[in-house]
Amino acid sequence: MNYRLFALVLLALPLGLWAQDSDYTHQSYDWEEKPERVELTEEEKEADAVRLLNRQIMEYVETDEGIDMYSTEHVIVRANTTRSVDENNKVFIPMRGDAEIVVLKARSISPDGTITELNEDNIKDVSNYEEYGNFKIFALEGAEAGADLEYLYTLKKEPSMYGREVVQSSIPIRLAEYQIISPQRLVFATAAYNGLPRFKETEDEEAGTRTITSQAENVPPEVEELYSLGSANKMKFAYKLDIVRYQNGQARRFHTWKEVSGNIYRNLSPEKSSKALGKILKKEKFASMGGEEKIKAVEQYFKTFINFNPGVNISEVDDIIRQKYADESGMTKVLMDAYDQLEVTYRLVITSNRYQSRFDKEFEDFTNLDEFMLYFPEYDTYVVPGRPDHRYGYPPHYLADNNGLYITSSEYTGVFGAVKYIPLAPRSATSSRNDIEIIFDKDMEYVEVDRVNTLRGYRAQSYRAAFEYSDENGREQLIDALVKSGATEAEVLETDVKSERIADISSGKPLIVASKIKASSLLENAGDSYLLNVGMVIGLQSELYQESERAQPIEMDYPMTYNHNISFTIPDGYELVGLEEANLDKTYKGDEGYVARFVSNAKQEGNKVTIEIEEFYEDIHFDIERYEEFRQVINAAANFNKVVLVLEEK
């Protein structure tokens with residue numbers, strides 16, 4: 001959005017400006033000339049570094065030409081170790097668009113109070129640093145372990161009328177403070193997440209300003225934990241210009257779902273259908289196909305015909321058809337136009353990656369509008385234009401279990417947007433089944449493992465994409481990883497892969513990988529007996545450790561089921577010892593039964609041994625207070641890896 005133009009539009013609305021005092025916060029804000037040494041807590045002393053202060057101020061100022069924004073950042077870091085000095089001593093100031101530096105100050109303060117000011121000759125301009133844009137970069141001199149590293153700068157830049165700020169970082173923060181200062185007639189709204197205190201509002205009638213502030217004390221560092229959403233769990237806030245008030249008493253809301261729904265839909269759906277695309281639809285006879293068949297065929301054709309490239313920006317469908325290149329929005333335009341011409345009913349859905357940010361139904365956060373899907377209400381299914389490796393069916397797991405903006409266009413009601421929940425595929429849709437037969441060599445030097453691995457749903461999709469885009473060498477490595485897992489020394493004797501293409505995703509067919517390997521590592525000679533590492537035939541399993549108390553909510557990728565059916569015949573002249581070790585049962589129960597479970601049942605009938613394993617996760621959300629129960633279910637498969645059966649001579 002052109003914010004300067006947006007600001008001019010605001011000022012052009014009825015009855016002009018309200019007065020705003022010229023004594024602005026960014027002009028008077030400063031650091032302490034003679035700062036006192038801050039004493040750290042025992043916990044802070046244990047950290048490599050601590051942000052004693054992290055203050056950001058966004059100040060909006062009305063001028064005759066529009067609205068200017070002054071962004072101030074003031075940071076003080078106590079670097080407890082030499083390593084943390086190196087990690088925190090370099091400062092990056094983003095210089096996007098026409099940003100100008102109004103104030104820039106920095107210094108290091110040694111433990112004995114010696115102050116070393118920033119040498120301006122150390123400030124460097126860097127263009128498009130690691131493709132993140134332009135920056136000013138500098139490092140402080142005289143920094144040492146135990147020093148305070150302090151910097152303060154103010155940028156004048158185009159006003160940001162909405163956005164999102166992440167509070168947590170890799171180090172603890174003693175005080176984090178965020179302020180938005182604006183003329184009284186510009187009303188900003190905020191939403192705070194993951195423990196950040198809500199913003200409080202104050203008004204200064206004399207200055208004609210409104211200030212909203214959030215302060216958070218003792219912000220813990222971000223943590224990485226398995227089975228969590230990661231970035232989406234970080235403390236953060238979203239903001240937006242919500243209401244503009246005018247001297248005549250009128251007011252207008254901005255940044256609403258209705259507003260953005262109309263803008264996005266009109267941008268993606270042209271007034272006139274593409275003639276070039278229409279010719280293709282007629283040639284391929286899509287109109288004669290049935291409902292779901294038509295949807296699938298159109299997606300498959302254009303995702304094959306058009307090369308997906310996120311770096312291109314071709315706006316017209318006719319040009320996309322001619323050049324055969326499109327980014328996400330371009331591919332969305334093509335598919336929308338195609339389904340419109342074929343009179344297929346769909347909804348445009350825009351959402352966020354749930355691992356990055358939860359889509360808030362109650363707050364219009366436009367930064368969440370970054371992933372497109374098409375929803376077909378008649379079949380309750382989705383197409384994802386920006387995913388050449390995805391096909392018609394359930395939404396990708398990272399876009400599901402989240403809210404999304406569903407946009408509908410009707411000649412009677414116009415364009416209408418509503419926020420709705422995007423469901424994940426149920427457990428029944430995703431599974432991995434291994435049917436395994438172990439065959440002993442007559443000389444007891446190795447075993448052969450005859451395996452049929454049947455994969456469905458989300459589990460199959462990632463492998464299909466890997467098969468589709470791998471060369472022959474990559475394909476062999478992928479098959480080896482699938483069939484050798486758990487067998488460190490193995491020779492692949494046979495493989496047969498079925499329904500491996502991306503196009504097979506929407507067919508309902510499972511991906512099947514059949515194989516036979518020769519593995520000496522699964523059978524060990526122990527004098528008068530042999531050790532069968534039967535637990536390893538299900539493949540290496542990860543183990544979930546937790547040295548500290550669990551910090552984040554437990555969340556898995558998707559519900560699913562694992563089944564392993566293992567069988568073997570005990571060789572003549574031997575008897576089996578230790579089969580009871582293969583019986584495991586770890587459960588997590590909810591109010592309505594099992595939510596997660598790992599259970600293995602081993603039995604012997606004559607010289608025939610069978611082990612049946614079922615591991616499933618009915619839901620993806622688990623109570624953090626019951627983390628140990630969840631961990632035991634997850635770790636049960638790794639515990640089964642350790643099961644060794646003994647074959648003793650009779």
Carbon + sulfur, % of accessible area of segment 584-632 - ligands and nucleic acids excluded, 1.4 Å: 39 percent
Environment charge at GLU555 (Cβ cut-off 9 Å; Lys +1, Arg +1, Asp -1, Glu -1): -1
Hz values of 3J(HN,Hα) by residue in segment 151-159 - Karplus curve (6.51, -1.76, 1.60), Gly and Pro given as x: 9, 9, 9, 10, 10, 9, 8, 4, x
Tail fraction, Cα-Cα pairs, segment 263-332, threshold 21 Å, whole percent: 27 percent
Note, ³J(HN,Hα) from phi for segment 497-504, Karplus 6.51, -1.76, 1.60, rounded to Hz, x at Gly and Pro: 10, 10, 6, 9, 7, 4, 4, 6
Heavy-atom accessible surface of segment 167-283: percent carbon and sulfur, 1.4 Å: 46 percent
Contour minus Cα-Cα distance for VAL452 and GLU292 (0.36 nm per residue): 54.5 nm
Nearest-10 value in Å² for the accessible area of ASP318, using the 1.4 Å probe: 70 Å²
Rg ratio (alpha-carbon, reference 2.2 N^0.38 Å) - segment 119-161: 1.51
Label-to-label distance, nm, for residues given as LYS275 and ASP572 (7 Å Cα→Cβ offset): 8.2 nm
At 1.002 mPa s and 20 °C, Stokes D of segment 462-572 from Kirkwood alpha-carbon radius, µm² per second: 124 µm²/s
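Using the scaling law 2.2 N^0.38 Å as the reference, what is the normalised Cα Rg of segment 549-650? Numbers along the way, then the final one.
On the way: Rg = 16.8 Å, N = 102, 2.2 N^0.38 = 12.8 Å.
Scaled against compact globular proteins, the figure is 1.32.
Just the number please: accessible area per residue for segment 61-122, 1.4 Å probe, all protein chains included, in Å². Mind dumping the intermediate values first?
Numbers: 3080 Å² over 62 residues.
For segment 61-122, the solvent-accessible area averages 50 Å² per residue.
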Largest-first ordering by accessible area, 1.4 Å probe, given options TYR265, TYR594: TYR594, TYR265
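If you take all C-alpha pairs in segment 452-503, what percent of them are over 18 Å apart?
Working: 403 of 1326 pairs.
The proportion of pairs with Cα distances above 18 Å equals 30 percent.
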Amide H contacts of ASN80 (H built 1.01 Å from N, under 5 Å, at least 5 apart or other chain): ALA49, VAL50, GLY146
Residue order for ILE243, ILE137 - accessible surface, 1.4 angstrom probe, largest first: ILE243, ILE137
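Please report the net charge: other residues with Cβ closer than 13 Å to the Cβ of ALA216, K and R +1, D and E -1.
Within the 13 Å Cβ shell, the charges total +4.
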Kirkwood Rh in Å, taken over all unlike Cα pairs in segment 310-380: 13.8 Å
Segment 21-99 - Rg over Rh from alpha carbon coordinates, Kirkwood radius: 1.09
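Could you compute the FRET efficiency for GLU547 and ALA481, with r as their C-beta to C-beta distance and R0 at 22 Å, rounded to 0.05?
Values: r = 29 Å, r/R0 = 1.32.
So the FRET efficiency works out to roughly 0.15.
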5 angstrom amide H check on ILE243, placed H, neighbours 5+ away: VAL187, PHE254
Between segment 205-225 and segment 234-296, the Cα center-to-center distance that results, in Å: 34 Å
Helical contribution to [θ] at 222 nm, DSSP H n ≥ 4, -39,500 (n - 2.57), averaged over the chain, rounded to 500: -5500 deg cm²/dmol
Potential lengthening between ASN134 and ASP591 on full extension [0.36 nm per residue; Cα-Cα distance subtracted]: 159.1 nm
Cα-Cα P(r), segment 333-454, percent of pairs per 5 Å interval: 2, 9, 16, 18, 14, 10, 6, 5, 5, 5, 4, 3, 2, 1, 0, 0
Solvent-accessible area per residue for segment 410-464 (1.4 angstrom probe, square angstrom): 50 Å²
Inter-label distance for GLN356 and GLU489, nm, one decimal - labels placed 7 Å from Cα along Cα-to-Cβ: 4.7 nm
Hits among lysines - C-alpha to C-alpha of LYS105 under 26 Å, sequence gap 8 or more where chains match: LYS34, LYS90, LYS124, LYS136, LYS156, LYS157
FRET E, pair ILE101, THR63, Förster distance 22 Å, beta-carbon r, rounded to 0.05: 0.70
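A 25 angstrom limit on the alpha carbon distance is what I want to check against. Which of LYS498/LYS518; LYS516/LYS586; LYS283/LYS509 exceed it? Before the final figure, lay out the partial values.
Details: LYS498/LYS518 22 Å; LYS516/LYS586 31 Å; LYS283/LYS509 28 Å.
From the list (LYS498/LYS518; LYS516/LYS586; LYS283/LYS509), the Cα-Cα distance tops 25 Å for LYS516/LYS586; LYS283/LYS509.
Rounded to the nearest 0.05, what FRET efficiency do GLU411 and GLU378 have when you use their Cβ-Cβ distance and R0 = 22 Å? Could the numbers behind the result be given before it?
On the way: r = 19 Å, r/R0 = 0.86.
Here the calculated transfer efficiency is 0.70.
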In nm, spacing of pseudo-spin labels at GLU259 and LYS608 (7 Å Cα→C-beta vector): 7.1 nm
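Whenever you get a sec, compute what percent of the accessible area on segment 288-339 sits on carbon and sulfur atoms (1.4 Å probe). Don't jump to the answer; show the numbers that get you there.
Values: 950 of 2250 Å².
Carbon and sulfur: 42 percent of the exposed surface of segment 288-339.
For VAL419 and ASN601 in the same chain, what is the full-extension length gain: residue separation times 0.36 nm, less their Cα-Cα distance, in nm? Provide the component values of the computation, followed by the final result.
Working: separation 182, 0.36 × 182 = 65.52 nm, distance 4.57 nm.
That pair, VAL419 and ASN601, stretches by 61.0 nm at full extension.
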Local electrostatic count at LYS442 - Lys and Arg +1, Asp and Glu -1, tallied over other residues with Cβ under 14 Å: -4
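Just round it to a whole percent: the fraction of Cα-Cα distances in segment 60-213 exceeding 20 Å.
On the way: 7024 of 11781 pairs.
Cα-Cα pairs of segment 60-213 separated by over 20 Å account for 60 percent.
The values are calculated or read from the model by the stated rules, or taken from the named source; none is laboratory data. These numbers come from a predicted model, not from an experiment. Cβ atoms come from the backbone with ideal geometry, glycine included; neighbour counts cover every protein chain shown. Calculation scope for accessible area: heavy atoms of the full protein, side chains included, ligands and nucleic acids excluded. Shrake-Rupley method; radii C 1.70, N 1.55, O 1.52, S 1.80 Å.
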